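Data first, discussion second: the structure below is written as structure tokens.
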Amino acid sequence: MKRIYVLLAFVGLFLTSCNSEPTLQKYFVESAENNDFISIDLSPSILNIDKSKLTVEQSEALKSFDKVSILAFKLNAKNQAQFAVEKAKVVAILKNDKYQQLMKFGSGKAGASVSFVGDDNHIEEFDLYANQSESGFAVVRILGKDMNPNTILAMISVLQNANLNLDQLKPLQDLLKK
């Protein structure tokens with residue numbers, strides 16, 4: 001009988017330790033198949049960089065970078081109510097204590113925020129959220145290992161020298177043109 005109580009305690013502990021709160025990762029997975037969304041995943045290989053020309057700092061930044069995931073909601077006349085619902089979901093997720101906001105800016109019709117997950121020297125992801133009331137919103141997740149603000153700055157300098165294939169970003173460019 002004692003074993004049953006111990007087993008039930010472990011099962012109860014396991015079930016209560018499961019994290020059921022919403023995260024951007026869950027939101028990306030749930031939204032990827034929705035036709036109102038555009039979903040793009042970019043790996044470091046898309047950058048087409050000559051690694052021999054990188055500084056040590058840039059090389060370390062590239063090693064810490066896993067991928068960029070982009071999820072954009074394209075607003076049209078038929079999905080305006082859904083836009084408000086989806087926008088509220090993202091805002092609620094980003095208010096969670098897990099996401100530490102670095103900055104937020106905007107006006108009544110447009111806005112953006114930058115958040116991160118982790119601590120100052122061991123950042124797991126940077127999250128960029130931008131919305132525009134006429135065209136929709138986008139969430140960009142920059143995923144990596146042990147990133148920090150200096151890593152992101154070095155990664156930006158790497159991106160400036162990258163030979164990106166912009167055809168892969170065409171759906172996102174179309175969204176921004178609206």
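The values are calculated or read from the model by the stated rules, or taken from the named source; none is laboratory data. Note that the structure is a prediction, hence the values are computed from the model and not measured. Counting neighbours? That spans all protein chains shown, and the Cβs are built from the backbone with ideal geometry, glycine included. We work out accessible area using only protein heavy atoms, side chains counted, and drop any ligands, DNA or RNA first. Shrake-Rupley method; radii C 1.70, N 1.55, O 1.52, S 1.80 Å.
Side notes on the structure shown:
- Members of Lys63/Lys89; Lys26/Lys67; Lys26/Lys95; Lys26/Lys87 lying beyond 22 Å, as alpha-carbon distances in this model show: Lys63/Lys89
- Across segment 86-155, Cα-Cα pairs more than 19 Å apart make up 33 percent of the total.
- Extension gain, Ser59 back to Gln100 (0.36 nm per residue minus Cα-Cα distance, nm): 12.1 nm
- Stretchable slack from Ala92 to Asn150, in nm (0.36 nm times residue separation minus alpha-carbon distance): 18.1 nm
- The accessible area of Asp97, taken with all protein chains in place and a 1.4 Å probe, comes to roughly 140 Å².
- Rh (Kirkwood; distinct C-alpha pairs) - segment 118-166, Å: 12.5 Å
- GluC sites (Glu not before Pro) restricted to segment 39-135 and DSSP loop, no more than 15 other C-beta within 10 Å: Glu134
- Fraction of the pair-distance distribution of segment 54-129 above 22 Å, Cα-Cα pairs, percent: 39 percent
- Linear extension gain, Asp50 paired with Asp66, 0.36 nm per residue minus alpha-carbon span: 4.0 nm
- Remark: spin-label model distance Val85-Ser157 equals 4.7 nm, labels positioned 7 Å along the Cα→Cβ axis.
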